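Novice: Next up is a structure, given as structure tokens.
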Amino acid sequence: MVHTADIIVIGGGVNGASIAMNLGKTVSNKVTLVEKGGLATGATGRSGAMVREHYLTPELVRMASESKRFFEEWPLENGYDLKFKKTGRVLLFGENDEASARLNGVMNRLEGVAISTLDQAETAKLLPDAQLEDITVALYEPEAGYADPVATTYAYAAEAEKNGVEILTDNLVTEITSDKGKVTGIKTDKGQIESSTVVNVTGPWANSLLAGLGETLPIDPIRVQMVHLRRPPSLENLEEIVIDHTTGSYFRTDGTPNTLVGGEAPEDMEETANPNHFGLNADHDVIIRYWRRAIHRFPNFRYATCRGGYGSLYDITPDGNPIIDSSTTTDGLFNIAGFSGH
């Protein structure tokens, strides 16, 4: 027996679950979400999950501002706990980036973001344990924070199911099918689902499903890594998220004395990966590299204890901005991918 749906959403990460939830609220069609494993078991579950309004372009600022309001209001209205915690977010810049950082701060404020531009002395008051000799300016967004990406995805999925969305986990999509340039559904390892509308929300896996349709998105699956450091008592009050643009690092508490340290310097983004076969644990040399960056910015991290780390995937586009568009080859197919870690 062939399964049918009016709209199929492929991908059970936070974006796929969000799309399914919103479709369930706004259309009367039968919506089916299909995920190859469990919800949030891909890149979503390994996300830094920062919730902020600050971005580099007005379009992304507007999207992020609306999303942040959603995180603050929707859970309370609907009885979900996304474990959103406001910590504040500090972006650090050296002399070479000072002018562009100040201009970016102005643009964000014009878009309504509550963000301040701080000099070195003001930054030192905010981060008293930081070494700031090479920092000339900072942007501070006090209302930013982080959420639990797994709890968020499951909340979206639960709300979607309330509105009639069917969620199929442990269903590996092997093909998006089409006929005469129009989408006809999908094939999975459990059978076929027919539909005239398919939404491809598979991130680093997007192109593997598009290949059979003659379409390729400008996306590279890049392996990235995160390191867990148990802070010493002297740093236990370090709650702010810190984005260090001089070293290409970011630091984020997880609500415990642990800090998650990630990297976005060019050397951290060079490993093109097979999304189906990549290292799930952090590499030793990366752990040392990230730890040294942490010590450079917060010297007392030399007394931290490393608690390991992990690998994950970014779906990187050339400009770092997401693709939210209809297919160029197949009517009824939509691609939502290339979020580049955002």
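Novice: If you take the beta carbon distance between residue 110 and residue 278 as r and set R0 to 35 Å, what does 1/(1 + (r/R0)^6) give as a FRET efficiency, to the nearest 0.05?
Specialist: 0.30
Novice: Dipole size in debye (nearest 20) for the chain around its Cα centre, Lys and Arg Cβ +1, Asp and Glu Cβ -1?
Specialist: It comes to approximately 640 debye.
Novice: Give the relative contact order (percent, whole number) for the chain; include only Cα pairs under 8 Å separated by 6+ residues.
Specialist: Computed over the chain, the figure is 21 percent.
Novice: Shifting gears a bit: On alpha-carbon atoms, Rg over Rh for region 227-287 using Kirkwood Rh?
Specialist: Rounded to two decimals, Rg/Rh equals 1.03.
Novice: Between region 160-217 and region 103-134, what is the C-alpha centre distance in whole Å?
Specialist: So the separation of the two Cα centres works out to 44 Å.
Novice: Given a 1.4 Å probe, how much area per residue of the chain is accessible, in Å²?
Specialist: For the chain, the solvent-accessible area averages 46 Å² per residue.
Novice: Ignoring everything except DSSP H segments at least 4 long, calculate the 222 nm mean residue ellipticity for the chain; use -39,500 (n - 2.57) per segment, divide by total residues, nearest 500.
Specialist: Taken over the chain, the calculation gives -8000 deg cm²/dmol.
Novice: If you put +1 on each Lys and Arg Cβ and -1 on each Asp and Glu Cβ, how big is the dipole of region 104-259 around its Cα centre, in Debye rounded to 20?
Specialist: Here region 104-259 has a charge dipole of around 460 debye.
Novice: How do the peptides 6-19, 305-318, 32-45 rank, highest first, by the average count of neighbouring beta carbon atoms within 10 Å per residue?
Specialist: 6-19, 32-45, 305-318
Novice: Grab region 1-105 and count how many Lys pairs have their alpha-carbon atoms under 23 Å apart, sequence gap of 8 or more, or different chains.
Specialist: Pairs that pass both the separation and distance tests number 4.
Novice: Once Lys and Arg get +1 and Asp and Glu get -1 on their Cβ, which of 34, 49, 76 lies farthest toward the positive end of the dipole of region 1-80?
Specialist: Selected residue: 34.
Novice: Another question about this same structure. Out of all DSSP beta bridges with both ends in the chain, state the antiparallel percent to the nearest 5.
Specialist: So the antiparallel bridges amount to about 75 percent of the total.
The values are calculated or read from the model by the stated rules, or taken from the named source; none is laboratory data. All of these numbers come straight from a predicted model, not from anything done at the bench. Virtual Cβ from ideal backbone geometry, glycine too; neighbours counted across all protein chains shown. Keep in mind that these areas ignore ligands, DNA and RNA; they rest on the heavy atoms of the full protein, side chains included. Shrake-Rupley method; radii C 1.70, N 1.55, O 1.52, S 1.80 Å.
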